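Some notes on the structure that comes next.
The values are calculated or read from the model by the stated rules, or taken from the named source; none is laboratory data. What you are looking at is a predicted structure, and each value in this text was computed from that prediction instead of being measured. Ideal geometry is used to build each Cβ from the backbone, glycine not excepted, and the neighbour counts take in all protein chains shown. Please note that ligands, DNA and RNA were not included when accessible areas were found on the heavy atoms of the full protein model with its side chains. Shrake-Rupley method; radii C 1.70, N 1.55, O 1.52, S 1.80 Å.
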Amino acid sequence: MDIGDDNFDPTRGYPPARPFGSPRLCRGPAEVCDANPQLIVSGELRALHPVFQIYGRRQVFSGPVVTLKVFEDNVLVREFLEERGNGRVLVVDGGGSLRCAILGGNPVVQAQNNGWAGIIVNGCIRDVDEINGCDIGVRALASHPVKANKKGIGEKHVPVNIAGTRICDGEWLYADTDGILVSKTELSV
């Protein structure tokens, strides 16, 4: 199922992005790694270090990556999630800060309604109960009750380095309960 204007329902938002069982990827990350050792050796396929907690109802998600680099500021995060997601995954490098949350429940609800497949946060989130009720995949280092600054400082569509991996805009991210993979191209196995 492709996400587009024809699929928008004003009462429910966009339909969920395709899961692994779709033509995009019919196996989980562990099986993809086992089947593609040459892609791992070449660096075409990379696994993020296992540092993220799992949030949201969607434990399995994938999609093209959009990158954002911020530090203890969530204005640009909110701006991205107000856009149509079209099955994309927002990867936010929050500098690994554990001093405040750069993502909360309201933007995650908006992301779900706008058709984002998932959000990866190299930092903290808050409103965990609300996020866990959303049909979207979220990964973050931890939860924190303190809200972020609102200065609007950051960089959009730049390479980010998180969890031991360089991630670029336009790459593909695949996540399930075994971990997170990033590929230079869309995988179909």
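Give me the percent of Cα-Cα pairs in region 53-147 that sit more than 20 Å apart, rounded to a whole number.
21
Please list the equivalent ellipsoid semi-axes of the chain, computed as the square roots of five times the alpha-carbon gyration tensor eigenvalues, in descending order and whole angstrom.
24, 20, 14
If one computes the Cα centroid of region 119-183 and of region 37-87, what distance in Å separates the two points?
5
Given the rule -39500 (n - 2.57) for each run of at least 4 DSSP H residues, summed and divided by the residues of the chain, what is its mean residue ellipticity at 222 nm, to the nearest 500 deg cm²/dmol?
Result for the chain: -4500 deg cm²/dmol, rounded to the nearest 500.
Could you report the chain's accessible area per residue, 1.4 Å probe, as an integer in Å²?
I get 46 Å² per residue for the chain.
Which whole-percent values make up P(r) of region 138-189 when all C-alpha to C-alpha distances are grouped in 10 Å steps starting at zero?
With 10 Å bins starting at 0, P(r) equals 17, 41, 33, 8, 1.
Packing-wise, with mean Cβ within 10 Å as the measure, how do 60-69, 43-52 rank, highest first?
60-69, 43-52
Provide the percentage of antiparallel DSSP beta bridges, counting only those with both residues in the chain; round to the nearest 5.
50
Between residue 135 and residue 31, what length comes free when the chain is fully extended (0.36 nm per residue of separation minus the Cα-Cα distance, one decimal in nm)?
35.0 nm
Can you pull the percent of the chain's accessible area that's carbon plus sulfur, 1.4 Å probe, other chains left in place?
It is 48 percent, rounded to a whole number.
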